[in-house]
Structures are given as C-alpha cells and as structure tokens.
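Bear in mind that the values in this text are calculations on the coordinates, not laboratory data. For clarity, every value in this text was computed on a predicted model and none was experimentally measured. Every residue, glycine among them, receives a Cβ derived from its backbone with ideal geometry; neighbour counts consider all protein chains shown.
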Amino acid sequence: MSRDQFRLLRRVIHLCDNNNKKFDDKFFKVRRFMQNLQTNLKENYYPEQNNSIDEDIIACRSRVSMIQFLPLKPKRFGFRIWKIVDEGGVCHDFDIYQGKNSVERKEKAFNPLGEEVVIDLIKNLSNNNNHVIYIDNYFTSIELVK
C-alpha cells in the first residue's frame, strides 16, 4: 500500500460517530471496536487452564492525557493495558487504564487498583476448568486471596 493510499484510508475511516461523544470515556473513539474484539475473543476462544494477569504498555509519544510514564519499563511512555493471557500466549481479555481520575475508577475506589484489575479480568472465566491464575506482587493482596 502506498503512502498516499494509507493517508486516504486514514482520513476516511472512523470507528465511531463523533456526535455521540461520551465525555467520561477517554477511549470513546475506539470503545465499540474494543468491545466487539473482547466479545469475539470470549465467544470464540476457550482459554487453557493456566493463565497470567499482567500489564503491558503500547508505546506512544503523542500528547494525550491517557499516556502513562513508567520509568522502570523498557517502553516508558504509552497506554497501560491490563490483560489476561493463557499458557499458549493468547490474550483473551484486556482493559485499558484511563487514569486515576476516570469515572470508572472513581466508582471502584474502595478497592486497590490491582484487586479491581484481577476481579474484572477473571469474572468471565468459566468455573469448570479449574483455572490457575498467576499474578505478580502488584496485584496481590490479602482481600483478593480471601
């Protein structure tokens, strides 16, 4: 694909209607696409027994409010994503962090962020496979183990 064709496609493709903007959702332009992707992952892929929850960074240097700075990571600037991945390396659910001041985060402010991430990502796993979840110390808490 040539550069001019790419620029034309980028100019005319829209994933949402800008007239229906939700001011509390920072990812409103791609939210519907992400929800469709998550729905298809959940309906068409059955995760294996061993799963891992971790964070990832999508590298980005643009000037938007959702960019996180993590100085100890190889990719220090970018979008922070929480994901659950099975032993085959397939991501079967994810969530993008919108920042500590997001409406979604304020509604769940009674629990630490790590707990909420784990609870949100494992709620769609089936109970009949006895899934094993591996998490690091960022997500671990006494309340979560209970």
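Answer yes or no: is there a residue in region 99-106 that is within 16 Å of the chain's Cα centre (by Cα), surrounded by 15 or more Cβ atoms within 10 Å (Cβ to Cβ) and in a helix (DSSP H, G or I). Yes, there is a match, as at least one residue in region 99-106 is within 16 Å of the chain's Cα centre (by Cα), surrounded by 15 or more Cβ atoms within 10 Å (Cβ to Cβ) and in a helix (DSSP H, G or I). Within region 42-77, the residues that satisfy the criterion of being polar (S, T, N, Q) and either touching a residue at least 12 places away in the same chain (Cβ under 8 Å) or in contact with a helix residue (DSSP H, G or I) (Cβ under 8 Å, 6 or more places away or on another chain) (or both) are Gln49, Asn50, Asn51, Ser52, Ser65, Gln68. Residues in region 1-22 that are charged (D, E, K, R) and in a loop (DSSP other than H, G, I, E, B): Asp17, Lys21, Lys22.
In region 29-41, is there at least one residue being more than 17 Å from Asp120 (Cα to Cα), under 18 Å from the mean Cα position of the chain (by Cα) and touching a residue at least 24 places away in the same chain (Cβ under 8 Å)? Checked against the condition, which is being more than 17 Å from Asp120 (Cα to Cα), under 18 Å from the mean Cα position of the chain (by Cα) and touching a residue at least 24 places away in the same chain (Cβ under 8 Å), region 29-41 yields no hits at all.
When the test is whether a residue is out of contact with any Ser or Thr (no Cβ under 9 Å at 6 or more places or on another chain), of a type in the set (D, E, K, R), without any contact (Cβ under 8 Å) to a residue 40 or more places away in the chain and assigned to a strand (DSSP E or B), Arg80 passes it. Being over 19 Å from Ile84 (Cα atoms), assigned to a loop (DSSP other than H, G, I, E, B), out of contact with any Pro (no Cβ under 8 Å at 6 or more places or on another chain) and among the hydrophobic types (A, V, I, L, M, F, W, C) is a condition met by at least one residue of region 23-37.
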